[in-house]
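Comments concern the structure below.
The values are calculated or read from the model by the stated rules, or taken from the named source; none is laboratory data. What you see is a predicted model, and the numbers here were worked out from it, not measured in a lab. Positions of Cβ are backbone-derived with ideal geometry, glycine not excepted, and every protein chain shown enters the neighbour counts. Side chains included, ligands, DNA and RNA excluded: accessible areas come from the protein's heavy atoms. Shrake-Rupley method; radii C 1.70, N 1.55, O 1.52, S 1.80 Å.
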Amino acid sequence: MPPRESKKTWKAPRGPKPIPHKNKNTVGLGKAIKYARQKENDVTYLPGGEMRFTTEKHEPDWVKLRSVTQESSLNEFLNTAALADKDFSADRASNVRVIRMDNDPLVTSAFSLSNEQRSRLSSLQREHAFDLIVPRRPPWNENMTKYQLERQENDAFLEWRRRLAHLQESNEDLVLTPFERNIEVWKQLWRVVERCDLIVQIADARNPLLFRSLDLERYTKELDERKQNLLLVNKADLLTPKQRIAWSKYFRQKNISFTFFSALRANELLDLQEELNEKITHRYNDDYEEFKDLDPELLESIKILTIDELDKLFLEKAPKQPLKPPILGQPPMIQIGMVGYPNVGKSSTINSLIGAKKVSVSSTPGKTKHFQTIKLSDSVMLCDCPGLVFPNFAYQKGDLVCNGILPIDQLRDYMGPSSLVAERVPKYFVEAMYGIHIETRSSNGADKGQNYNAQELLTAYARNRGFMTQGYGSADESRASRYILKDFVNGKLLYVNPPPHLENDTPYTREECAEFNKELYSFERLPENRKEQLLEAAKSKGYDTFDLSKDLGKLTFSGHQGSDEGKEASSVTHGGKQAALYDTADELDKEFFNMNNVEGRMSTPFHKVRNDPTNSSKKHNKKNKKAKKRAAMSSA
């Protein structure tokens, strides 16, 4: 037998003892993710006993509440199928044929409408005005399950979308604006309308009827007759007193409860109070002396309210007692809901009422995602609803961009909205505002005067600012349009839509619209630095007074070179040689074909010129060189 081996014993290794690694995850995030994954793949049993489960990720709330106003045909079909709770299976053997292709909803027409076309569309819109409805929340009770409530809401929302689709298909001439298609955003509106006693619709003063939803007021009354509605016309400081009088007469004739307000002025006043550390109470300094013969009640209605006056008006319009019983242990509170389109100033109005920045504000439409409650006092609470694009009629889809409803940075077609700007704002005022000269030429080469189009505006602005495309370098019209459209939305280039005629609700003609906005395009509406430049330019020309619409072409200021001694006005360009070219394509053609030096004369036939021995136009001319060399050597 082999000898037995001795049993080995464990020996501790030499060196320091190993220190166990400390787990830094004290929050338990890994377990939270694991638990969330398990919840995503849970099996759900429907009331009928059917078992369902999904392996897809569930989207967070901020993703669900994204505003959706535009959908492609495929996305619209899939979202409609999801609302109807339909399942599909792929069939590889089936033949798919496209029977209809919708146009891009963001592509707009660059052609303006005539007065007859606008009048015809206006009558058609008034005929179908009551078909523009907002989705209603179906009746529900506390005994319903979550699945039953969602199924009922989806069915009602799907029926609403079908009604609007039928309205648009049955009337091809009607232009239905893009509207909110995400049911999660509409649910925020349902909650605000159900819980609030006073619904305040905030509208942009430049086009109040576009931002007002008539059916929302009807929906509020359907829930409770005691609920009240108020139209808050924000940004009223952009309007002249005459324009506010015209709108006030229209609202009063239609029995619309309204008031004028300016959140920008109110917040500027708050900043001044904070800087001076004292309370400032005064009305805005508007001159109403020329309107003293008007009805005192009408004159009072056109005044822009201060913060304290608006707060007092809310309490007067709201019911005296809250319509809903308070939660146990809490005092009764009157709730006021702020509703409206994106970028009309809902959050800014709330911040001015509170006196501090409690709600985030952004110039991008759709900043507010959830409805928010802010306590104004011990008895009043404000509810800020996310911006909603209600279904409405428009003459052109470019109106939505010019009114700030659709974001400009996501714009794909810029020519349609830019054409509206060129149609509405006079040429001389654009030149004075930007310090440029817009060159206008017709097809026969004649000057068109004050008539100009979008391409001429964008080309002049881009060449002056040095916005050029890559390659040879032509004017970057797309980039220029974004700057100009943002100035139009922010009120730097101002245009106010007039109200319909009081007699028959027909729209104003283009000539009447120009007369309605005539006071907006004066010297006083320009920025202070531009006023100083124009005054210096007029002084150098020897003008004591000048008319902006007539004498602007003679002045030299900023990038505008005035006309002098038969020389036409021009614009200073930045960006190199290419920026100075008005039409790069024409310049390329001239250079390539040498069109400026074309001559049609022929003195000698081509073959004779080629065989002429006296002609020394050969490239190398070796024969003549050799002969000259021999002659030189022989003479030496």
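So for region 453-460 (the condition being open to solvent by 50 Å² or more (accessible area, probe 1.4 Å), modelled with pLDDT of 85 or more and closer than 21 Å to residue 533 by Cα), does at least one residue qualify?
no
Could you list, in sequence order, the residues of region 308-329 that are open to solvent by 30 Å² or more (accessible area, probe 1.4 Å) and either in contact with a helix residue (DSSP H, G or I) (Cβ under 8 Å, 6 or more places away or on another chain) or β-branched (Val, Ile, Thr) (or both)?
Those that are open to solvent by 30 Å² or more (accessible area, probe 1.4 Å) and either in contact with a helix residue (DSSP H, G or I) (Cβ under 8 Å, 6 or more places away or on another chain) or β-branched (Val, Ile, Thr) (or both): 311, 324, 327.
Looking only at region 218-266, which residues are open to solvent by 10 Å² or more (accessible area, probe 1.4 Å) and among the hydrophobic types (A, V, I, L, M, F, W, C)?
Hits for region 218-266 are 223, 238, 245, 246, 256, 258, 264.
Of the residues 506, 469, 556, which single one is closer than 30 Å to residue 124 by Cβ and hydroxyl-bearing (Ser, Thr, Tyr)?
Of 506, 469, 556, the one residue that is closer than 30 Å to residue 124 by Cβ and hydroxyl-bearing (Ser, Thr, Tyr) is 506.
For (1) open to solvent by 10 Å² or more (accessible area, probe 1.4 Å); (2) modelled with pLDDT of 80 or more; (3) out of contact with any strand residue (DSSP E or B) (no Cβ under 6 Å at 6 or more places or on another chain), each residue gets a yes or a no:
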| site | (1), (2), (3) |
| --- | --- |
| 370 | yes, no, yes |
| 373 | yes, yes, no |
| 376 | yes, yes, no |
| 380 | no, yes, no |
| 385 | no, yes, no |
| 392 | yes, yes, yes |
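In region 516-529, which residues are of a type outside the set (A, V, I, L, M, F, W, C), crowded, with 16+ Cβ neighbours inside 10 Å and modelled with pLDDT of 90 or more?
If the condition is that a residue be of a type outside the set (A, V, I, L, M, F, W, C), crowded, with 16+ Cβ neighbours inside 10 Å and modelled with pLDDT of 90 or more, then 517, 521 are the ones that fit.
List every residue pair whose Cβ atoms sit under 9 Å apart, with the two residues 6 or more apart in sequence or on different chains, where the first one lies in region 484-505 and is farther than 23 Å from residue 245 by Cα and basic (Lys, Arg) and the second, anywhere, is open to solvent by 30 Å² or more (accessible area, probe 1.4 Å) and modelled with pLDDT of 90 or more.
Note: pairs meeting the criteria are 486/492.
Of the residues that make up region 150-166, is at least one in a helix (DSSP H, G or I), open to solvent by 20 Å² or more (accessible area, probe 1.4 Å), of a type in the set (Lys, Arg) and without any contact (Cβ under 8 Å) to a residue 12 or more places away in the chain?
Within region 150-166, one or more residues are in a helix (DSSP H, G or I), open to solvent by 20 Å² or more (accessible area, probe 1.4 Å), of a type in the set (Lys, Arg) and without any contact (Cβ under 8 Å) to a residue 12 or more places away in the chain.
Looking only at helices (runs of 4 or more DSSP H) that lie completely in region 189-306, which have at least 3 residues being without any contact (Cβ under 8 Å) to a residue 12 or more places away in the chain, more than 22 Å from residue 344 (Cβ to Cβ) and not β-branched (Val, Ile, Thr)?
263-276, 296-301
State whether one or more residues within region 19-27 are open to solvent by 70 Å² or more (accessible area, probe 1.4 Å), at pLDDT below 70 and in a helix (DSSP H, G or I).
no
Please verify whether residue 363 is loosely packed, with under 15 Cβ neighbours inside 10 Å, under 22 Å from the mean Cα position of the chain (by Cα) and modelled with pLDDT under 85, treating the condition exactly as stated.
yes
For region 167-215, name all the residues that are open to solvent by 20 Å² or more (accessible area, probe 1.4 Å) and in contact with a strand residue (DSSP E or B) (Cβ under 9 Å, 6 or more places away or on another chain).
168, 175, 191, 195, 209, 212 - these are the residues of region 167-215 that are open to solvent by 20 Å² or more (accessible area, probe 1.4 Å) and in contact with a strand residue (DSSP E or B) (Cβ under 9 Å, 6 or more places away or on another chain).
With respect to residue 209, determine if the residue is among the aliphatic types (A, V, I, L, M) and in the same structural domain as residue 322 (by the TED database).
yes
Residue check: is residue 96 of a type in the set (Val, Ile, Thr), more than 29 Å from residue 506 (Cβ to Cβ) and modelled with pLDDT under 75?
Judged against the criteria, residue 96 is a match.
Which condition from (1) under 24 Å from residue 458 (Cβ atoms); (2) of a type outside the set (A, V, I, L, M); (3) surrounded by 16 or more Cβ atoms within 10 Å (Cβ to Cβ) is the one that residue 510 breaks?
(3)
Could you check, for region 113-132, whether at least one of its residues is modelled with pLDDT under 70, open to solvent by less than 60 Å² (accessible area, probe 1.4 Å) and either farther than 30 Å from residue 224 by Cα or in a loop (DSSP other than H, G, I, E, B) (or both)?
Checked against the condition, which is being modelled with pLDDT under 70, open to solvent by less than 60 Å² (accessible area, probe 1.4 Å) and either farther than 30 Å from residue 224 by Cα or in a loop (DSSP other than H, G, I, E, B) (or both), region 113-132 yields no hits at all.
May I ask you to verify whether residue 475 is open to solvent by less than 30 Å² (accessible area, probe 1.4 Å) and modelled with pLDDT of 90 or more?
no
Against the definition (out of contact with any Cys (no Cβ under 6 Å at 6 or more places or on another chain), under 21 Å from residue 67 (Cα atoms) and not polar (S, T, N, Q)), how does residue 190 come out, yes or no?
Yes: the conditions hold for residue 190.
Name the single residue, out of those in region 414-425 being in contact with a Ser or Thr (Cβ under 7 Å, 6 or more places away or on another chain) and open to solvent by 30 Å² or more (accessible area, probe 1.4 Å), that is modelled with the lowest pLDDT.
By that ranking, first place goes to 414.
Do the conditions hold for residue 408, that is, is it open to solvent by 10 Å² or more (accessible area, probe 1.4 Å), aliphatic (A, V, I, L, M) and over 20 Å from residue 514 (Cβ atoms)?
The answer is yes for residue 408.
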